[in-house]
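Undergrad: What follows is a structure written as structure tokens; I'll ask about it next.
Any read-out appearing in this document is the output of simple, stated calculations on the displayed coordinates, not a laboratory observation. The shown structure was predicted, so the numbers you read here are calculated from the model rather than taken from an experiment. Neighbour counts run over all protein chains shown; Cβ positions are idealised from the backbone, glycine included.
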Amino acid sequence: MLEVKDLHVTVEDKAILKGLNLTINAGEVHAIMGPNGAGKSTLSAVIAGKDGYEVTQGTILFEGQDVLEMEIEERARAGLLLGFQYPVEIPGVKNIYLLKAALNAQRAARGEGEIPAPEFMKLVREKSAEMKMDPSFLQRAVNEGFSGGEKKRNEILQMLVLQPKLAMLDEIDSGLDIDAMKVVADGVNSLRDANRAILLVTHYQRLLNHIEPDHVHVLVDGRIVKSGDKDLALELEARGYDWVLEGSAA
Amino acid sequence: MASEEMEQLVRREYKQGFVTDIESDTVPPGLDESTIAFISQKKEEPQWMLEWRLEAYHQWLKMTPPSWAHLEYPPIDYQAISYFSAPKKPEDRPQSLDEVDPKLLETYEKLGIPLHERAALAGVAVDAVFDSVSVTTTFKEKLHEAGVIFCSISEAIREYPELVRQYLGTVVPQADNYFAALNSAVFTDGSFVYVPEGVKCPMELSTYFRINAANTGQFERTLIICDKQAQVSYLEGCTAPMRDENQLHAAVVELVALEDAYIKYSTVQNWYPGDEEGKGGIYNFVTKRGDCRGDRSRISWTQVETGSAITWKYPSCMLRGKESIGEFYSVAVTNGRQQADTGTKMIHIGENTRSTIVAKGIAAGRSDQAYRGLVKIGPRAKGARNYTQCDSLLIGDQCGAHTFPYQEIGNSTATVEHEATTSKIADDQLFYCRARGIDEEDAVSMIVNGFCKDVFQELPMEFAVEAEALLNVTLEGSVG
Ligand SMILES: Nc1ncnc2c1ncn2[C@@H]1O[C@H](COP(=O)(O)OP(=O)(O)O)[C@@H](O)[C@H]1O
Ligand SMILES: [Mg+2]
């Protein structure tokens, strides 16, 4: 589904990703772990198309398409969706309005008509309930005055409504208490199916207790230095990143 | 006020000098007393009205155009303007929509302007086959039942001279400013509204006006009076882009609210802004002022300014009555080469008067705009309060926004709050929307509409929807 090959990325002439390889197949959940500043957010941002990153080498293919040739919105419509670490506030724009515009944009790209209003309302009510969000959140401005946890739940709500093929979730667990973490994890788990994949970016292991990954990768200094299954996350938790570095240096 | 001598002089000149050709429908370009006499005669005005105009003209001759605004334009040749011309004859106008610029039609389509109105707006010589006549008649009957007078200012001068004479120029005096003086001398069109004591006007004064808007003049004069406990909501303008051969527009709007009266005045202004270089656009120099004359009266201005090459406009409130309220909600959008210098004045005279200013400026392209607001608290305005919020949003990096807030506080018990922000349309907001699949233009309009929310929600419902569509059309092509 997603194939990242020898990806080199610089920001303001500073090399951040230095030859990263990653393959994700349908049905899989991948976790990318690594210390602060390793380039985890850069990876998901580059895949989503954020400005300010220069790809100096390498390719990103999504279902065979060259992602780097696509506009930001085309990537999203193709089913690549980024859940933000720091979702931005958009004053005056209702949450539900953004959701509807996004859903209809994606439907249009698939050649489907606009979703009928009652059907849409039913869908968002249902999904908000799953995320334990009061329906009043739908009427508020996007992320405005939301607590950290509410913002994260709102990101997952968007995922549940938009049903991406590949959901990339950047530090979706940061700033969540245990209850909120459970809600968010349940939401993410409900996205799991054979046709979909999930890329989790996190530097804590605890999220992975709730969302069990198929593959765990350790990203250090712009490269994936070690890959394994879910046990790798536990080992990292116990022994720290230095252990991986020592291992890879050897 | 002019002295008696001057009046005599005026009258003498009138007797001697004027050669008016009543048969003709147009005067040649140029402005002198005979032009004014011609207009006045054409309109079948009483003598006092002519004198009033001439008085304004003489004051105007002594004045100079204001130079303090943040605007640049070549000097206007006032002798090159024709001050009276009858509406175009049907045979000189497009005969059907097929003859109209397809771009204009496309815009109407995007704005959702009803089909039957498009022709009128585009200046097509339509027989009155479409609804407007019957709609107008129904409206007139309803208003008549309620005792509301709503007619053209010319008609009012003939039919209700005592009302007009009592109020005209009492809010915006003839010599208030250069453009107001010019307007007072030569105005030819505009509306008059009188809502009698205790009457809540049964409808928004809009549709009627809109259908007639295609014929609005270059020097409009509007006078609205709300008697005690009366209420009216008046909608001026139209979201459709309006073309006009007259480059200079200098309107005057006067509002009078007596005790407990409430006037809500909403404007959507979308005059032709000119081509990409700003050529051919309208210069819009407007004087709008409301007088909260009675205790607990309230005047609310809401405006959405998107058109014109140059906008010079400061709807203001004189808060005389105790506990009277003045409000100003504004969205000004400039794109291309447009320039706008707009804002408001809140003059607190009475005790416990309150005012609210919410001004949103959006600049795109190479446009330039300024917010200019004055909050003045007089010595008797005990306990007066003002809240001002003005926010600017820049799209791209070739445009400019400036804020000039002025405060004159003459009473220490007053509370004046001012908040101002300037932001660039945030890249991370755009990215956020686009990363959800929303294309860039839609994302921009979504963010901009959100930015304007506080103002749009003050607009009457139907206008608010149109205003959003208008904003989108105005900002089309401003990114990417
Ligand atoms: N927009 C940017 N401008 C400058 N430096 C950046 C930018 N984005 C990321 N970086 C730098 O790139 C490195 C990797 O950042 P990031 O991808 O956010 O790491 P992580 O998510 O793994 O903590 C850091 O050193 C960070 O400072
Ligand atoms: Mg990060």
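Undergrad: Over chain A, what relative contact order in percent results from Cα pairs under 8 Å that are six or more residues apart? Numbers along the way, then the final one.
TA: Values: 450 pairs, mean separation 69.0, N = 250.
Taking the mean separation of contacting Cα pairs over the length of chain A, I get 28 percent.
Undergrad: If you fit an axis through the alpha-carbon atoms of helix A:178-191 and take the longest principal axis of the Cα set of chain A, what angle between them do you get, 0 to 90°, nearest 10?
TA: 80 degrees
Undergrad: So what are the radius of gyration and Dmax for the Cα set of segment B:245-351, in Å?
TA: When restricted to Cα atoms, segment B:245-351 yields Rg and Dmax of 15.4, 49 Å.
Undergrad: Under the Karplus relation 6.51 cos²θ - 1.76 cosθ + 1.60, θ = phi - 60°, what is the ordered set of whole-Hz ³J(HN,Hα) values for segment B:311-322, x standing for Gly and Pro?
TA: So the Karplus estimates, Gly and Pro as x, are 10, 9, 7, 9, x, 10, 10, 9, 9, 8, x, 4 Hz.
Undergrad: What distance in nm separates the two pseudo spin-label positions at residue B:421 and residue B:68, each 7 Å out from Cα along the beta-carbon direction?
TA: Modelled inter-label distance: 3.0 nm.
Undergrad: Take residue B:228 and residue A:231, extend 7 Å from each Cα along the Cα→Cβ direction, and tell me the distance between the two endpoints in nm.
TA: 9.2 nm
Undergrad: Skipping prolines and chain starts, which residues have an amide H placed within reach, meaning under 5 Å, of the one on residue B:356, given they are 5 or more residues away or on another chain?
TA: Amide H neighbours of residue B:356: B:326, B:327, B:328, B:387.
Undergrad: Please list A:206-212, B:469-475 highest first by mean number of surrounding beta-carbon atoms within 10 Å per residue. If you can, show how the numbers build up before the last one.
TA: Values: A:206-212: 18.6, B:469-475: 21.3.
For the peptides A:206-212, B:469-475, the packing ranking is B:469-475, A:206-212.
Undergrad: If you take each beta carbon of peptide A:89-98 and count the beta carbons of other chains within 10 angstrom, what is the mean?
TA: 6
Undergrad: Something else about it: List the aspartates and glutamates whose alpha-carbon lies under 13 Å from that of residue A:5, not counting same-chain residues fewer than 8 positions away?
TA: A:66
Undergrad: Apply 1/(1 + (r/R0)^6) to the Cβ-Cβ distance of residue A:63 and residue A:238, taking R0 = 30 Å, and write down the FRET efficiency to the nearest 0.05.
TA: After rounding to 0.05, the efficiency reads 0.20.
Undergrad: What average number of partner chain Cβ atoms lie no more than 10 Å from the Cβ of the residues making up A:70-83? Each step should come with its number before you reach the end.
TA: Numbers: counts 0, 4, 11, 10, 3, 3, 7, 4, 1, 1, 2, 3, 4, 1.
Mean partner-chain Cβ count within 10 Å for A:70-83: 4.
Undergrad: Related question: Tabulate in residue order the Karplus-calculated ³J(HN,Hα) for segment B:33-42, using 6.51 cos²θ - 1.76 cosθ + 1.60 with θ = phi - 60°, rounded to whole Hz; enter x for Gly and Pro.
TA: 5, 5, 4, 5, 4, 4, 4, 4, 6, 4
Undergrad: Further, regarding this structure: Take the alpha-carbon centre of segment B:324-402, take the same for segment A:24-75, and report the distance between them in whole Å.
TA: 44 Å
Undergrad: Moving to a separate point now. Among the listed pairs B:313/B:382; A:122/A:182; A:100/B:345; A:94/B:228; B:142/B:228; A:122/B:264, which have their C-alpha atoms separated by more than 31 angstrom in this model?
TA: Details: B:313/B:382 29 Å; A:122/A:182 24 Å; A:100/B:345 40 Å; A:94/B:228 40 Å; B:142/B:228 21 Å; A:122/B:264 38 Å.
Pairs exceeding the cut-off: A:100/B:345; A:94/B:228; A:122/B:264.
Undergrad: Skipping prolines and chain starts, which residues have an amide H placed within reach, meaning under 5 Å, of the one on residue A:82, given they are 5 or more residues away or on another chain?
TA: Answer set, sorted by chain and number: A:168.
Undergrad: Quick one: which residues, 5+ away or cross-chain, put their amide H under 5 Å from the amide H of residue B:402? H built at 1.01 Å from N.
TA: Amide H neighbours of residue B:402, under 5 Å, 5+ apart: B:369, B:370, B:371.
Undergrad: For segment B:182-193, take each phi angle, set θ = phi - 60°, evaluate the Karplus expression 6.51 cos²θ - 1.76 cosθ + 1.60, and give the result in whole Hz per residue in order, putting x for glycine and proline.
TA: Taking θ as phi minus 60°, the curve returns 4, 4, 4, 6, 10, 4, 10, 8, x, 10, 10, 10 Hz for segment B:182-193.
Undergrad: By per-residue mean of other Cβ atoms within 10 Å, what is the highest-first order of A:65-76, A:50-61?
TA: Per-residue mean Cβ counts within 10 Å order the peptides as A:65-76, A:50-61.
Undergrad: At 222 nm, what value in deg cm²/dmol follows for chain A if DSSP H runs of at least 4 each add -39500 (n - 2.57) and the sum is divided by all its residues, to the nearest 500?
TA: -12000 deg cm²/dmol
Undergrad: If you don't mind, another one. Using alpha-carbon pairs under 8 Å, 6+ residues apart, how would you state the relative contact order of segment B:379-480 in percent?
TA: 28 percent
Undergrad: Over all residues in B:446-453, what is the mean tally of Cβ atoms on other chains that come within 10 Å of each residue's Cβ?
TA: Shielding by partners across B:446-453 averages 5.
Undergrad: Continuing with this model, one more query. Quick one: which of A:23-33, A:185-195 comes out on top by average Cβ neighbours within 10 Å, and what's the full order, highest first?
TA: My ranking of the peptides, most packed first, is A:23-33, A:185-195.
Undergrad: Using a cut-off of 21 Å between alpha-carbon atoms, which lysines can reach residue B:43, once sequence neighbours fewer than 8 places away in the same chain are excluded?
TA: Straight-line reach from residue B:43, under 21 Å: B:15, B:88, B:89.
Undergrad: What distance in nm separates the simple spin-label points at residue A:13 and residue B:96, each placed 7 Å from Cα in the Cβ direction?
TA: 6.6 nm
Undergrad: Calculate how steeply helix A:148-162 sits against the longest principal axis of the alpha-carbon atoms of chain A, using the helix alpha-carbon long axis, and give the answer as 0 to 90 degrees to the nearest 10.
TA: Relative to chain A, helix A:148-162 is tipped by roughly 80 degrees.
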